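The block underneath contains the structure these notes are about, expressed in structure tokens.
The values are calculated or read from the model by the stated rules, or taken from the named source; none is laboratory data. All values derive from a computational prediction rather than experimental measurement. Please note: Cβ atoms are built from the backbone with ideal geometry, for glycine as well, and neighbour counts cover all protein chains shown.
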Protein chains: 2
Amino acid sequence: MSRRTLKLGAILLGAGGPGQHHTWLDPDVAADASVDVHWYIARAREAEAAKFDLVFIVDSQFITPDSPNHYLSRLEPLTLLSAIAVHTTHIGLVGTATTSYNEPFNLARRLYSLDHISGGRAGWNVVTSGDAGTAGNYSRDEHYDYPTRYSRALEHVRVSQGLWDSYEADAFPRDKESKVFFDRTKQHALNHRGEFFQVVGPLNLERSRQGQPVIFQAGDSEDGRDLGAAIADAIFTHAATLEQARAFRTELRRRAAEKGRDPENVLIMPGIFPIVADTDDEARARETEILGAKSFDKALAELGRPFGWHDFRQYDLDAPFPDVDPGSSFRTQAEGIARHAREHGLTLRQVVQRQLDAGRSPFVGSPLTVATEIQRWFDGGGFDGVSISVNSPREFARFTDQVVPILRERGVVREEYEADTLRGNLGLPLPENRHTAARRTPEPVR
Amino acid sequence: MSRRTLKLGAILLGAGGPGQHHTWLDPDVAADASVDVHWYIARAREAEAAKFDLVFIVDSQFITPDSPNHYLSRLEPLTLLSAIAVHTTHIGLVGTATTSYNEPFNLARRLYSLDHISGGRAGWNVVTSGDAGTAGNYSRDEHYDYPTRYSRALEHVRVSQGLWDSYEADAFPRDKESKVFFDRTKQHALNHRGEFFQVVGPLNLERSRQGQPVIFQAGDSEDGRDLGAAIADAIFTHAATLEQARAFRTELRRRAAEKGRDPENVLIMPGIFPIVADTDDEARARETEILGAKSFDKALAELGRPFGWHDFRQYDLDAPFPDVDPGSSFRTQAEGIARHAREHGLTLRQVVQRQLDAGRSPFVGSPLTVATEIQRWFDGGGFDGVSISVNSPREFARFTDQVVPILRERGVVREEYEADTLRGNLGLPLPENRHTAARRTPEPVR
């Protein structure tokens with residue numbers, strides 16, 4: 001088989017996620033985008049016209065008055081994606097949902113319902129809820145600790161996949177002539193009894209066109225990478241340089257192979273923030289403008305998030321970066337920030353400035369420059385696809401109308417959708433129902 | 001104010017609910033309706049064209065191979081209603097969701113997301129999960145007992161309503177000129193600590209156009225009626241005769257008044273199953289045909305459901321109705337069946353036959369006959385609205401195209417939508433945010 005084309009995802013960020021304090025002020029950005037279903041539908045249709053593989057809706061559930069604009073008030077991912085599903089036909093629909101504060105039966109059901117509503121285009125970005133404060137919204141005094149969050153996530157996904165196999169593909173003949181609606185031998189209870197969950201099943205939803213929703217994952221810690229290698233069909237990540245990206249991809253593929261999986265079926269799709277203008281100079285000027293528009297005060301408040309919303313405003317900005325417990329929220333990120341500050345002897349002000357500069361993108365320039373750089377990373381083994389952050393329809397159109405055609409001409413991205421399921425377009429195999437498989441091989445099902 | 005018009009709801013039952021073993025065989029009924037989002041969208045648009053107030057999606061989560069066809073495999077209500085929302089403009093969207101096996105933060109958020117996606121047309125049918133087997137899908141050894149289910153439901157609704165008041169209506173100026181996105185004084189945590197739930201909040205979703213989703217409720221037990229009187233804006237029920245219907249409505253209005261509520265804001269909307277044909281004779285013949293098409297064997301299996309899926313196939317059909325524990329599933333219904341059998345000395349076969357006949361409708365006849373009977377019940381205080389079960393597009397069209405116009409000509413139902421929110425069309429007041437109210441009156445908020 002020839003190598004897959006570069007996969008394209010659009011992260012629809014409404015009025016602006018962390019570090020994007022400025023985006024809503026852009027005359028081209030609808031200030032209420034985060035709660036406007038029609039804004040999302042319009043962006044998804046644009047992405048579909050450009051033959052993107054998927055749109056991606058991120059999520060979190062704990063807010064304070066200092067949360068990023070988009071977090072303060074936004075639509076819930078799976079209800080939103082259902083609405084997008086019936087105004088699109090081919091693009092994949094990926095939503096974040098937490099394994100820490102959902103019951104597998106409820107969540108697996110909603111994801112599978114979306115998979116049916118979209119005709120087999122659903123994807124699940126499996127997360128464990130970073131914000132420790134989330135516990136307080138779910139009748140718990142304390143957030144789950146790191147190892148518990150990740151073991152629970154693994155079991156949650158396994159239970160969900162078991163529930164999605166409740167019915168074999170031919171369980172519902174619905175034959176009016178013979179009056180056979182249902183073949184009761186093709187319905188299977190799960191009878192799961194594990195460390196975190198007991199789930200009898202069966203799920204009350206028949207097999208979907210792609211069999212199982214596609215699993216995405218994004219954790220970057222040791223536990224996160226291990227979970228991704230075990231369960232993920234695709235992995236979201238960050239990538240500052242081609243070398244970093246290649247190292248991450250190589251490591252994840254190795255880990256997946258060690259778990260007995262085909263690394264070809266683990267797609268690495270880092271988020272990138274391309275800044276495209278008519279010339280390289282104009283694009284660099286635009287980048288400077290974007291970085292300058294960010295608010296130091298908001299960045300100072302948001303710096304608290306990885307540290308469990310610790311309030312950094314209490315410290316002297318020009319003293320060394322304070323010694324703050326990284327906690328259990330986004331531990332890897334908090335530890336990374338603190339370690340870098342310590343190693344480089346940075347002040348709090350310098351750390352905040354570094355966060356402001358973090359929007360600096362390796363993909364800045366004319367359409368030709370950006371397309372060439374993306375192709376270089378793709379050919380260099382840096383990623384299997386990219387996930388583009390979308391706030392401004394104008395900026396997104398620059399990418400879809402000017403960069404994508406160059407990549408298409410070079411054969412890097414597809415001409416046309418190969419399939420109308422997400423698995424089909426990502427080039428992933430359709431999973432066989434475990435009970436159907438067991439019928440062919442006379443060994444007992446575990 | 002003049003009396004409200006008769007409210008109209010359409011219960012979209014896909015391939016057929018309990019007792020509707022035959023409906024999927026009708027050439028006019030899509031056998032896969034229960035999992036076909038486009039089937040639901042088409043019916044909702046028909047209902048909207050007829051100026052119905054709402055569509056209603058029922059739900060349950062525990063199945064066995066003997067469950068009704070529609071229950072075996074169906075879409076999840078809130079994902080489904082989101083998809084319907086973006087293909088309709090005025091009709092209300094009411095979904096069943098259980099308080100027994102959902103966390104209030106998750107469910108309140110999804111309902112409110114639907115409320116935003118639909119522009120203020122969401123309704124929540126509050127249930128406590130009848131099927132005892134549901135517990136096994138949610139890591140619990142035992143189903144909650146009756147009193148616990150209802151106390152939990154009351155607290156769940158109160159928490160949800162508290163979360164929906166997280167933001168005052170003017171919390172998001174989003175003024176690009178003054179660069180004010182958000183007024184942090186208008187965001188309010190809930191800090192709820194109750195018997196069943198602790199929820200800090202705030203919910204990450206701003207105020208919707210109708211303020212709060214409309215609350216529906218259907219429990220018929222003592223506990224159920226008490227809950228309905230306390231929380232419901234509208235109540236689903238059954239009604240075999242006008243006298244029964246009037247007694248139920250009178251009682252619920254009295255209970256609501258006792259709780260300090262205006263009984264005008266508690267709408268009683270029983271489910272009815274009109275059978276309409278060109279003449280009364282043809283309609284009665286059609287009724288006989290429908291009753292005859294039902295399957296005795298399936299009715300025998302389904303009889304187990306109110307008794308916690310007790311298997312009645314083990315008994316002699318012609319012996320007296322067996323003495324079976326009504327359990328904690330649908331206790332009121334099970335007790336009612338057993339009591340009636342005992343009082344009338346019925347055999348098991350007679351009880352099953354009575355269940356088969358239960359589809360017998362007081363609303364059978366020509367369009368004129370059915371319209372006149374509905375008006376008689378409405379004028380006689382039997383109900384504030386009716387909820388029509390929809391399987392067959394042809395039968396539904398008979399109602400919308402032939403019965404509704406007669407009711408409209410008589411001024412019983414509306415000419416045009418009065419509003420584009422569900423509250424507005426039901427004639428219910430828009431609730432004021434509690435924190436906004438507290439600003440006007442200087443007493444402390446509880």
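Structure above, values below:
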| read-out | value |
| --- | --- |
| Residue list for segment B:170-190, filter: on the phi > 0 side of the Ramachandran plot and at pLDDT 95 or above | B:174 |
| Residue among A:75, A:154 that alone is at pLDDT 95 or above and closer than 25 Å to residue A:35 by Cα | A:75 |
| Segment B:63-80: number of residues that are more than 8 Å from chain A (Cβ to nearest Cβ), under 26 Å from residue B:295 (Cα atoms) and under 19 Å from the mean Cα position of the chain (by Cα) | 2 |
| Per-region count, segment A:231-252, residues surrounded by 20 or more Cβ atoms within 10 Å (Cβ to Cβ) and out of contact with any Phe, Trp or Tyr (no Cβ under 8 Å at 6 or more places or on another chain) | 3 |
| Cross-chain or 6+ apart pairs with Cβ under 7 Å, segment B:132-148 first and farther than 20 Å from residue A:107 by Cα and away from every other protein chain (no Cβ under 14 Å), then in a loop (DSSP other than H, G, I, E, B) and not hydrophobic (A, V, I, L, M, F, W, C) | B:144/B:100; B:145/B:328; B:146/B:328 |
| Residue tally, condition among the β-branched types (Val, Ile, Thr) and in a helix (DSSP H, G or I), over segment B:312-338 | 2 |
| From the options A:159, A:126, A:199, residue that is in contact with a helix residue (DSSP H, G or I) (Cβ under 7 Å, 6 or more places away or on another chain), surrounded by 16 or more Cβ atoms within 10 Å (Cβ to Cβ) and more than 12 Å from chain B (Cβ to nearest Cβ) | A:126 |
| Selection count where residues are of a type in the set (Asp, Glu) and either within 15 Å of residue B:77 (Cβ to Cβ) or touching an Asp or Glu at 6+ places or on another chain (Cβ under 6 Å) (or both), scope segment B:97-132 | 1 |
| Segment A:133-150, subset in a helix (DSSP H, G or I) and in contact with an Asp or Glu (Cβ under 7 Å, 6 or more places away or on another chain), residue surrounded by the fewest Cβ atoms within 10 Å (Cβ to Cβ) | A:147 |
| Residue check, residue A:288 in contact (Cβ under 8 Å) with a residue 24 or more places away in the chain, farther than 25 Å from residue A:71 by Cβ and of a type in the set (Ser, Thr, Tyr) | no |
| Residue pairs meeting the criteria (Cβ under 7 Å; at least 6 apart or on separate chains; first within 7 Å of another protein chain (Cβ to nearest Cβ) and farther than 11 Å from residue A:117 by Cα, in segment B:27-42; second of a type in the set (Asp, Glu) and part of a loop (DSSP other than H, G, I, E, B)) | none |
| Residue list for segment A:370-388, filter: surrounded by fewer than 17 Cβ atoms within 10 Å (Cβ to Cβ) and not in a helix (DSSP H, G or I) | A:380, A:381 |
| Answer residue from segment B:135-155, given it is acidic (Asp, Glu) and within 23 Å of the chain's Cα centre (by Cα) and is nearest to residue A:155 (Cα to Cα) among those | B:145 |
| Elements of type helices (runs of 4 or more DSSP H) in segment B:232-311, at least 3 residues being under 18 Å from the mean Cα position of the chain (by Cα) | B:242-258 |
| Index of the failed condition, residue B:219 passing every other in (1) within 17 Å of the chain's Cα centre (by Cα); (2) within 30 Å of residue B:90 (Cα to Cα); (3) touching a residue at least 40 places away in the same chain (Cβ under 8 Å); (4) assigned to a helix (DSSP H, G or I) | (4) |
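Residue-wise test of (1) within 30 Å of residue A:299 (Cβ to Cβ); (2) of a type outside the set (A, V, I, L, M); (3) away from chain B (no Cβ under 12 Å).
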| site | (1), (2), (3) |
| --- | --- |
| A:48 | no, yes, yes |
| A:53 | no, yes, yes |
| A:56 | yes, yes, yes |
| A:82 | no, yes, no |
| A:92 | no, yes, yes |
| A:95 | yes, yes, no |
| A:98 | yes, yes, no |
| A:111 | no, no, no |
